[in-house]
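> Provided herewith is a single structure, encoded as structure tokens, for subsequent inquiry.
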Amino acid sequence: MKIRQAVILAGGYGTRLSPFTDTNPKPMYPFEGKPFLEYLIKQVKSFGITEIILLLGYLPEKVTDYFGDGSQWGMQIRYSVTPVEYETGLRIKSAAELLDETFLLMYCDNYCPVDFKKLLSLYETSGAELCFTVYRNLDGYTKNNLRIADDGKVEVYDKKRQTPGLQGVDIGYALVNRRVLELLPEENHNFEAVVYPTLVEKESLYAFTTEHRYYSVGSWERIELTRTFFSPRKFVFLDRDGTLNVRPPRACYIERPEDFVWLPGAREAVARLKKAGYTLILISNQPGIARGRLTEETLSAIHQKMQNDLREAGGEVDHIYYCPHNWDDGCECRKPRPGMFFQAQKEFSLDLTRCIMYGDDERDMEAAQAAGCPCELITEDYPLAAAVDRLLAEERLG
């Protein structure tokens, strides 16, 4: 299925962002010299979508004057301008004649690095009339408003967030079949409050879940996190054993600092990354702790030795995450699960799609891919030094 059209709701007052919104619509709040809405438009283009319908209400000229017909961004942008008092449902209904059979519906105040191909795949395989994106909210970042079955079917949607046992919150990025417009009444109404409970009853509402935190201009409390998220930073994730140092035999561990032996060129490669302005994050499975072969104190001493060696070469690892659990403990952090990636993502406000992971094991690759992070496999023929050479050369070429 080819989705060619995105519809972005951008018509409200945005009162929580006053005084900025006294004279501007909230999606025009700037980051790095660009309005928030511009980041959404560029993201939509990366999905392969070619047309955007902006549903405007409050101060529409601020948006239309800036974006025009969209040609500057290689897109076609059209507008539906309705009274600012219209809620989301009536705003969508008023634009019905502009909408494709299936379209991507988005909020103007949420940004998340969504895996659009996976979202589209769930929409197609589920047969749902609407499939939206849900932040799992395991960290209590916001208030939950739904509950989802294992297959992705939404069992409960509660806009008032009062039902017990809710887990997750919808963040937009919804693939919508035009048929749902038949559910919209003539009077002013909220799209989610009318459509979602009805689709739950029809078993035709599905959720694509993500653990990647979303970023917002919905309130001042979120602005600084969003500013950090969009800031031009460079991050590299590194596996340890087999990537930086000689990997011990299977079911054996680095149990003493003197057992940590650098692979040829790895220490210098880390130093080059650091000098090039990268923040370096180590993520490592350490089941030897759970198996009684290694204490956390000893692990700390091993990593101190690693850091001392790196500092001598002009480098340093900025942060270390490790999983202390056994192979079959079922934790979220042990690779190939992506838990350590998401822990770092939240703590550093990262866009994981703009990072890269280097590791020597398929579990490293699976974990990175599950987190949406680009990755490269380190081998004897393609050591870390070669990977770093390639990264820095590509950076120089722009």
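> Run the accessible area of segment 1-74 with a 1.4 Å probe and give the carbon-and-sulfur part as a rounded percent. Could you put the intermediate results ahead of the total?
On the way: 1600 of 3100 Å².
Ligands and nucleic acids excluded, carbon and sulfur reach 52 percent.
> Still on this structure: Express in nm, to one decimal, how much length is gained between residue 47 and residue 363 on full extension, taking 0.36 nm for each residue of separation and deducting their alpha carbon distance. Before the final figure, lay out the partial values.
Working: separation 316, 0.36 × 316 = 113.76 nm, distance 2.71 nm.
Additional length available on full extension: 111.0 nm.
> By the gyration tensor of its Cα atoms, with a ≥ b ≥ c the square roots of the eigenvalues, what is the shape of segment 254-303: rounded for a/c under 1.5, prolate for a/b over b/c, or oblate? Walk me through the numbers on the way to the answer.
Values: a/c = 3.00, a/b = 2.00, b/c = 1.50.
Prolate is the answer for segment 254-303, as a/c is 1.5 or above and a/b outweighs b/c.
> Here is a follow-up. Using a cut-off of 9 Å between beta-carbons, work out the net charge of the residues near residue 73 (Lys and Arg +1, Asp and Glu -1, residue 73 not included). All intermediate terms of the calculation are to be shown ahead of the outcome.
Numbers: positive: 42, 45; negative: 38.
Surrounding charge for residue 73 is +1.
> HN-Hα J couplings of segment 124-141 from phi, Karplus 6.51/-1.76/1.60, θ = phi - 60°, integer Hz, Gly and Pro as x?
6, 6, 7, x, 5, 7, 8, 10, 10, 9, 10, 7, 5, 6, 5, 9, x, 5
> For segment 176-209, which trypsin sites (Lys or Arg not before Pro) are both in a DSSP coil and crowded by at most 13 other Cβ atoms within 10 Å? Intermediate results must be reported in sequence, preceding the final value.
Working: sites: 178, 179, 202; in loops: 202.
Here the sparse-neighbourhood loop sites are 202.
> Right, another one. Given the chain, what percent of its DSSP beta bridges are antiparallel, to the nearest 5?
Values: 17 of 55 bridges.
That works out to approximately 30 percent antiparallel.
> Follow-up. Would you please calculate the Kirkwood hydrodynamic radius of the chain over all C-alpha pairs and express it in Å, rounded to one decimal?
Working: mean 1/r = 0.0433 Å⁻¹.
Taking the inverse mean of 1/r over all distinct Cα pairs, the chain comes out at 23.1 Å.
> Moving on. Using a 1.4 Å probe on the protein heavy atoms, what percent of the accessible area of segment 142-278 belongs to carbon and sulfur?
Working: 3060 of 6280 Å².
Its accessible area is 49 percent carbon and sulfur atoms.
> What percentage of all Cα-Cα pairs in segment 305-374 are separated by more than 19 Å?
Working: 1002 of 2415 pairs.
The answer is 41 percent, as a whole percent.
> Tell me, which cysteines of the chain are without a disulfide-compatible partner by the Cβ under 4.7 Å rule?
108, 112, 131, 252, 331, 355, 373, 375
> Would you list, by chain and number, the aspartates and glutamates whose Cα falls below 14 Å from the Cα of residue 160, excluding same-chain residues fewer than 8 positions away?
Answer for residue 160, where 14 Å is the Cα cut-off: 170, 192, listed by chain and number.
> Now a separate question. Answer rounded, prolate or oblate for segment 170-323, using the Cα gyration tensor with square roots of eigenvalues a ≥ b ≥ c: rounded when a/c is under 1.5, else prolate when a/b is larger than b/c, else oblate. Provide the component values of the computation, followed by the final result.
Working: a/c = 3.76, a/b = 2.33, b/c = 1.61.
It is prolate, given that a/c is not under 1.5 and a/b is the larger ratio.
> Follow-up. Among DSSP beta bridges lying fully in segment 1-72, give the percent that are antiparallel, nearest 5.
Details: 2 of 8 bridges.
Close to 25 percent.
> Further question on the same structure: Set the bar at 20 Å for Cα to Cα. Now go through 159/202; 234/305; 234/275; 117/153 and name every pair that lies beyond it. It would help to have the intermediate numbers written out before the result.
On the way: 159/202 18 Å; 234/305 25 Å; 234/275 12 Å; 117/153 18 Å.
Beyond 20 Å: 234/305.
> Starting from segment 232-335, pick out the trypsin sites (Lys or Arg not before Pro) whose DSSP state is loop and whose Cβ has at most 15 other Cβ atoms within 10 Å.
Taking segment 232-335 and a limit of 15 other Cβ atoms within 10 Å, the loop trypsin sites (Lys or Arg not before Pro) found are 234, 250, 291, 293.
> So which aspartates and glutamates can residue 62 reach, going by Cα to Cα under 18 Å and dropping same-chain residues fewer than 8 places off?
22, 38, 85, 109
> Now for a separate question. Report the Cα centroid-to-centroid distance between segment 74-100 and segment 211-285 in angstrom, as an integer.
43 Å
> Still on this model: Please list, by residue number, every one of the trypsin sites (Lys or Arg not before Pro) in segment 57-153 that is coil in DSSP and has at most 12 other beta-carbon atoms within 10 Å. All intermediate terms of the calculation are to be shown ahead of the outcome.
Working: sites: 62, 78, 91, 93, 117, 118, 136, 143, 147, 153; in loops: 136, 143.
Passing both the DSSP loop test and the Cβ count: 143.
> Counting only heavy atoms of the protein chains, get the accessible area per residue of segment 136-208 (1.4 Å probe) and round it to a whole Å² value.
Numbers: 3570 Å² over 73 residues.
Computed with neighbouring chains in place, this is 49 Å² per residue.
The values are calculated or read from the model by the stated rules, or taken from the named source; none is laboratory data. Values in this document were obtained by computation on a predicted structure and should not be read as measured data. Positions of Cβ are backbone-derived with ideal geometry, glycine not excepted, and every protein chain shown enters the neighbour counts. For the accessible areas, the whole protein counts, side chains as well, though only heavy atoms, and no ligand, DNA or RNA atoms are used. Shrake-Rupley method; radii C 1.70, N 1.55, O 1.52, S 1.80 Å.
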